[in-house]
1. Is one or more of the residues making up the stretch B:409-417 more than 17 Å from residue B:194 (Cα to Cα), in contact with a helix residue (DSSP H, G or I) (Cβ under 6 Å, 6 or more places away or on another chain) and either polar (S, T, N, Q) or within 11 Å of chain A (Cβ to nearest Cβ) (or both)?
2. Do we find that residue B:313 is over 17 Å from the mean Cα position of the chain (by Cα) and either within 14 Å of another protein chain (Cβ to nearest Cβ) or farther than 30 Å from residue B:110 by Cα (or both) in this structure?
3. From A:235, A:279, A:257, A:300, grab the single residue that is within 11 Å of chain B (Cβ to nearest Cβ) and either of a type in the set (Gly, Ala, Ser) or surrounded by fewer than 22 Cβ atoms within 10 Å (Cβ to Cβ) (or both).
4. Of all residues in the stretch B:290-310, how many are free of Cβ contacts under 8 Å to residues at least 60 places away in the same chain and either assigned to a loop (DSSP other than H, G, I, E, B) or facing chain A (nearest Cβ under 9 Å) (or both)?
5. Conditions: (1) surrounded by 22 or more Cβ atoms within 10 Å (Cβ to Cβ); (2) within 30 Å of residue B:415 (Cα to Cα); (3) away from chain A (no Cβ under 14 Å). Residue B:250 meets all but one. Number of the miss?
6. Mind listing whichever residues of the stretch B:214-227 are within 20 Å of the chain's Cα centre (by Cα) and farther than 7 Å from residue B:161 by Cβ?
7. Only one of these is under 29 Å from the mean Cα position of the chain (by Cα) and more than 30 Å from residue B:311 (Cβ to Cβ): B:85, B:107, B:132, B:116. Name it.
8. Would you kindly identify the helices (runs of 4 or more DSSP H) lying entirely within the stretch A:268-358 that contain at least 3 residues that are assigned by TED's automatic domain parsing to the domain that holds residue A:239 and out of contact with any Gly (no Cβ under 9 Å at 6 or more places or on another chain)?
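The values are calculated or read from the model by the stated rules, or taken from the named source; none is laboratory data. Since the structure is predicted, the reported quantities are computational estimates derived from the model, not experimental observations. Methodologically, a virtual Cβ is constructed for each residue, glycine included, from the backbone with ideal geometry; neighbour enumeration extends over all protein chains shown.
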Amino acid sequence: MNAFQDILILVVVAPGLIFAVFALLWLLGWTPSEHFLSGITGLTFSACTAGVAALVWKITSASNITVTFGSWFAVGSYHFPLVLMVDRLSVPFLALAAVLSGLIGQFSATYLHRESGFLRFFLLLHLFAFGSLLAFAAGSFDLLAAGWEIVGITSVLLIGFFQQRRPPVENGLYVFGIYRACDIGLLVGIFAMHHWAGTASFVGGFPTLTGARAVIVCLLLLLAASGKAAQVPFSGWLPRAMEGPTPSSAIFYGAISIHAGAYLLLRAQPLLAQSVLASALVILIGATTAIHGTIVGRASSDAKTSLAYATLTQVGIVFIEIGLGWRWLAVAHILGNATVRTMQYLRAPSMLHDYHQMHSAVGGELSATGKQIEEMLPARVQLWLYRWALDRGHLDTILERWVIAPLLQISAYLSRQDCTRTPSPTTIRPGRAVQVFASGPAQRSN
Amino acid sequence: MRRALEEAHPFLETYSAAGYFGVAVDYRGIDDPHGAALCPVVVKPEHAVMERPKPGDSQLLESRRWRRRVLGLLMRNSFVSSKTLLRGWLSTSALGLLSAVPLIGNLLAPRRFALLRDWLNQAFLPEPRTELTLMRNTKQSQGAVSGLLMGFTPEEKAGRVASVLGPAGLVRGFARLVVILGHGSSSLNNPHESAHDCGACGGRRGGPNARLFAAMANRQEVRDRLRNKGIDIPPDTWFIGGYHDTCNDDVELFDLDAIPSTHQPDLDFIRSSLDRARAQNALERARRFESCPADADVERALRHVEERSEHLAQPRPEYGHCTNSVCIVGRRSMTRGLFLDRRAFLVSYDADLDPGDEGLSALLAAAVPVCAGISLEYYFSFVDNDRYGCGTKLPHNVTSLMGVMDGHASDLRTGLPWQMVEIHEPVRILFVVETTPDRLEKVIGASAPLKRLLENRWIRLATIDPASARVHVCRDGAFEEFHEDLERLPVALSSHEWYAGKLQHLPMAWIQTPRTATGDRLR
């Protein structure tokens, strides 16, 4: 095992180790001081950044770096391969994750000073960094899915960071529901890869699939990617995710988490390239999202929602680029978009100040920005479009009415059948999560 | 700040007045697109004042305006276009990584990054030397600013100056230099920035008022008229306007090139005293910040507060009026040397010079609503932060360019955020006025707003007799003498000795520094 393999392992494992150690100590009743915790965080991510820099240097001069630990477990012919791999695609994402996690840690040390959830936030930040580094450095879809799920759960827990208020928890659950529903795509996709190709590892070549099988796997992965990247029709969760502290909104929905879906598609690119149908669907979803995002963004009146839709618009374009096979343009676009949005999210509280500044700098005529595209439409269509944009394209309502409500009806029907057939008096009541899930969009459509 | 100055040089004298210094104006600086009222919100300004470049510098202003305009349009367009479909595609993918520069700079070295920014501003946007349009010019007065009078007549100027100096008791024994300091606060990434600015200037920064006041008081025709009102300013007294940033403790002095060369040594002296005082002030404020090391020296503390005002992630740039509990209206000799832990509003007033109580009623008409308003704002934001305050700042989301809401959808949040009030002690403010109960009752009785505040118990009231020092407390609308025995105040040799290393509220103490009689006066 050479030095760069060690570095790769350290980069991925370090934040996870910090999380595990501090979580364990916390369970044993020890709370570290803010100073100590932010110091450790700074140190960890500086080391990660340095490690990634070394990996970048190695990758540009030589080939991929692969670390194989063997299998986590094996059942029959299936085994869960523990393999890390860094190639030219994953290295920019690793760099992004390491650098931005460090910067967000630095920001949060001041921003969350004296906050009761300080330790919780930093634990989740480390866990998130571990999850995203694992997903980006994974050598197989199995391991990628593990990192993917860690990113998902930390995302939900940080949306619900302010547990004492109701809306953050409700919106966290809503996002959790969408994530879980779309992650079915990733899990079934991996299952299908194992079933048809015998492996889900992409070290040294992609799992060989052909014809309809390739298309099916592509579509399953596309479902997972669209959910994570808040593409149409799942876009409604993105503005709801703005309930957490500003820095977590920045790194999740401006930078890393929102682009993880694009990374998954970039990984699946060899498969995608085989299928015109799947590529066309990626382009269609991306284009719809980009247009949806820019129209809804124009009508949103608050800083974070308008940033959310600005991010979404560009992620939609990234999907188009991936569908067209322009991999490196997509990567450059992701890096640029992630950096700009992180900065803009972190500066979101400055919006009043910035507008004052710009207003005085241009001499008090800020409102005149020239012709708006929507002014070319007839007045009645403008009004309709505005209402459509205000309700975020009715996406939440559509999902609620045509997907969630029928599902709930089916489950209610099934549980009725259960109750009549079995003598047991226990009836299944929809839990809190289901109720919230159903009532969230309904409130908005009233 | 006043105690810090007096400790810096025992022969400095300080006074204080409501931060708009009696000049209610609609002010437009060289960089402002339009005028803004610099006075308490209950007052409507009748006069307009503009800042304009000195004759030699108008060219400089033109180029500054042009460059600011270009920069402003660039900023706006890059911001707007980053959010659009096609332009956003180009700008994020081609230029996006550039935004890592300010991000990293500001997060890793906020203070140095701000210095770099200031240096760039100096280099590319040099500020022209300016003056204020003070003169009333009847021909221009109609046209320039609709409905407002342009500038002040000498009579009006004298009236404004007298309305501050008279009640404050600064009518004789002027020093060679008198510095008038307005205040405001600057912070980054803070939707509640203006909540730290000057309440008496309508939540704006009070520098122009101080500058205007000083410019008025320096004019010969004003001084002639003041002499008729019993305020005798000697010819060798010079007024300087200034601005104190209460967040980073920076003190800026205006119009220094107009100071007579004979006063240069006095200026050097006052500048060094101000520098010592602002560093001491920073050190005393820093004791309440957990993130500043407890053993920090003045240098470190000053750097710490400077960094606070330039930190992108700082939710509590300063504690502002937090912990306020009392407003003392009276002579400084009553409170000088008293460590009040920055919890008191001090208003200078000398009852002996105000036999008809006109000064007191004018003073209380401004001071009581402003101080009571500030105090109640902190009070209610603290006692029920979720309902009367706006909760924690961390999930705040600026909406409609108007206010903040929580997360992605909530009611508009009003009041102060938790980070601003967390160390507050909710008490209704106590006004201690240095006069007799009879005289105060008359003044309060004549003013309906003050009467309502008192009768409905929004404020508490007490008097201290200027002659006998007996204290009367107002209980249920009637003054009764205060008899309880008081403990003797603890004594300390300096403020720093009293507060060093302590994070919590501190009791009053007597700071014993040697003192002589003559010298400069401030505020």
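1. no
2. yes
3. Working: A:235 fails: within 11 Å of chain B (Cβ to nearest Cβ); A:279 fails: within 11 Å of chain B (Cβ to nearest Cβ); A:257 fails: within 11 Å of chain B (Cβ to nearest Cβ).
Every option except A:300 fails the conditions.
4. Selection size over the stretch B:290-310: 5.
5. That leaves (1) as the condition not met.
6. Answer for the stretch B:214-227, where residues must be within 20 Å of the chain's Cα centre (by Cα) and farther than 7 Å from residue B:161 by Cβ: B:214, B:215.
7. Values: B:85 fails: under 29 Å from the mean Cα position of the chain (by Cα); B:107 fails: more than 30 Å from residue B:311 (Cβ to Cβ); B:116 fails: more than 30 Å from residue B:311 (Cβ to Cβ).
Going through B:85, B:107, B:132, B:116 in turn, just one is under 29 Å from the mean Cα position of the chain (by Cα) and more than 30 Å from residue B:311 (Cβ to Cβ): B:132.
8. A:276-299, A:327-346
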